[in-house]
Structures are given as C-alpha cells and as structure tokens.
1. How about region 51-160: which strands (runs of 3 or more DSSP E) wholly inside it have at least 2 residues that are within 12 Å of the ligand (Cβ to nearest atom) and more than 16 Å from S9 (Cβ to Cβ)?
2. Restricting the first residue to region 10-28 and requiring it to be aliphatic (A, V, I, L, M), which pairs with a second residue that is near the ligand (Cβ under 6 Å from one of its atoms) and in a loop (DSSP other than H, G, I, E, B) meet a Cβ separation below 8 Å and a spacing of at least six or different chains?
3. Taking region 11-50, which residues are more than 26 Å from G98 (Cβ to Cβ), in a loop (DSSP other than H, G, I, E, B) and either within 16 Å of the ligand (Cβ to nearest atom) or in contact with a helix residue (DSSP H, G or I) (Cβ under 6 Å, 6 or more places away or on another chain) (or both)?
4. Answer with yes or no whether I200 is out of contact with any Gly (no Cβ under 8 Å at 6 or more places or on another chain), at pLDDT below 95 and of a type in the set (V, I, T).
5. Pairs under 6 Å by beta carbon, first residue in a loop (DSSP other than H, G, I, E, B) in region 173-202, partner surrounded by 11 or more Cβ atoms within 10 Å (Cβ to Cβ) and at pLDDT 95 or above, six or more apart or different chains?
6. Output the number of residues of region 68-98 satisfying the condition of being farther than 20 Å from N36 by Cβ and at pLDDT 95 or above.
7. Give the residues of region 1-10 that are more than 13 Å from the ligand (Cβ to nearest atom) and farther than 16 Å from V67 by Cβ, sorted by residue number.
8. What pairs come out if I take residues in region 71-91 that are closer than 15 Å to R58 by Cβ and pair them with residues that are aromatic (F, W, Y) and more than 16 Å from the ligand (Cβ to nearest atom) whose C-beta lies under 7 Å away, six or more apart or interchain?
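The values are calculated or read from the model by the stated rules, or taken from the named source; none is laboratory data. The model shown is predicted, which means the values in this text are computed figures rather than measured ones. Positions of Cβ are backbone-derived with ideal geometry, glycine not excepted, and every protein chain shown enters the neighbour counts.
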Amino acid sequence: MIRLAIMASGSGSNAENITKYFSKSKEIEVAAIISNKADAYVLERAQYLHVPSYVFSRSEFLETNKVQNLLAELKIDWIILAGFLVLLPVSIVDKYEGRILNIHPSLLPKYGGKGMYGDKVHKAVVEAHEKESGITIHKIDANYDEGTTVFQAKIKIEPLDNAEKVAQKIHALEYKFYPVIIENMILNRPFEKEVTVTPINE
Ligand code: GAR
C-alpha cells in the first residue's frame, strides 16, 4: 500500500473527500491527517473517518524534526496538502521531492502567493470581473503555491456570480479532480493536464 499523509489547516472537506475516495483502493491509503490547528474541523472529520490525526504547532513544523520523524515512523510515501497554510520546511520538501502535491483554488499563477487562500481568492476573482477561474494542482517547492503545475481545470464565471457562488463551483472541481489526479500521479498513469468544465445546466 502507498501511504498518504494529508495536511490541512481548516475545514478539511477535501481531506474528507480524498479519504473517502481511497477507502476502497487496493493500492493507496490515507494513513494520517496532520494539522497545525488544534481546533480545525478537519480533526473531527479524521475522527469519524477513523484516520489517525496529529497536530503540530507552526513552530514545531518549522523549527523541530517532529513532523519529519512522524512521517518516517508512519512510513508515509506521499504528502497531500489540502488547505494547509504553513509553508513546509525545506527538509521535508527535499526529502519528499516530487511527492508533495498541493491544490490551489485558482488558475495559478493568477491569485496565488502568500495570503491568497480560500475565500480571499474567490473575492479577488469576483472583484477583478474574471470570466473564468479554476483549480491548480501542483508539486510543491519551498515557496507558496509554486512548483510544477500538474493539472488545471477551468470553469466559467458568470457576471452575477458572487464569491460564494465561485467558491461552490471551485469546490465542486476540487472534489471531482483532486483524488483522481493524486491517484494518476502516484500510479504514474497518463492524464489530461488541462480541462474545461461546463456546468450541467448550461
Ligand atoms: C480549498 O479550496 C483549497 O484549494 C484551498 O483551501 C481550501 C480548503 O478547503 N487551498 C489554498 O487556498 C492553498 N493556498 P477545505 O478545508 O474545505 O478542503
């Protein structure tokens, strides 16, 4: 079994979706959910999904080897970031080079970088009257939201869509594609790198 650790700082709806997707897999399993926030809802999800969860403070992440040690102890093969808001230390990035994936709720390089996460991204997209937005799945290097893009999915933004509506559309793309792209990447299967999704009611 290939073992994943999901790292998440907030609600964890992607963490849950990914865990459920792989619960039936014979090749890949979610072995741990790791957070930097003791009150993150993702930890409750971990509990009812029966996935062991761990919390480390930002300084434990950045200034100690505790997280590296845990990853080694649990024999983690890949790290999946799902709304994780701490920049990973170089030691982890180096050790897992090419085996850390992140999802960002915009078409990077647009609306990325420090401070650009979750709903802030969607508000900025609406304020700029963008005609499309989407998701980017990329490998991680030592900078926020950078590294090689492995997949993008685009969706149309209608003139009357507010940030909430955009968030809804983007979450739907995340749930549909992130687990599948993770699986394809890990199992080295070919996949389309760019898709445009048309809502069913159009
Ligand atoms: C997701 O939309 C993810 O793309 C975004 O945080 C959200 C987490 O939602 N990540 C970033 O903005 C990274 N810069 P969730 O906790 O419900 O999965």
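1. 132-139
2. Partner pairs satisfying both residue conditions: A15/A8; A15/A82; A15/G83; I18/A82.
3. The answer is S11, K37, A38, D39, A40.
4. Here the answer is yes, as I200 does meet what is asked.
5. Pairs found: F191/N184; K193/F151.
6. 2
7. Correct list: M1, I2.
8. Pairs found: none.
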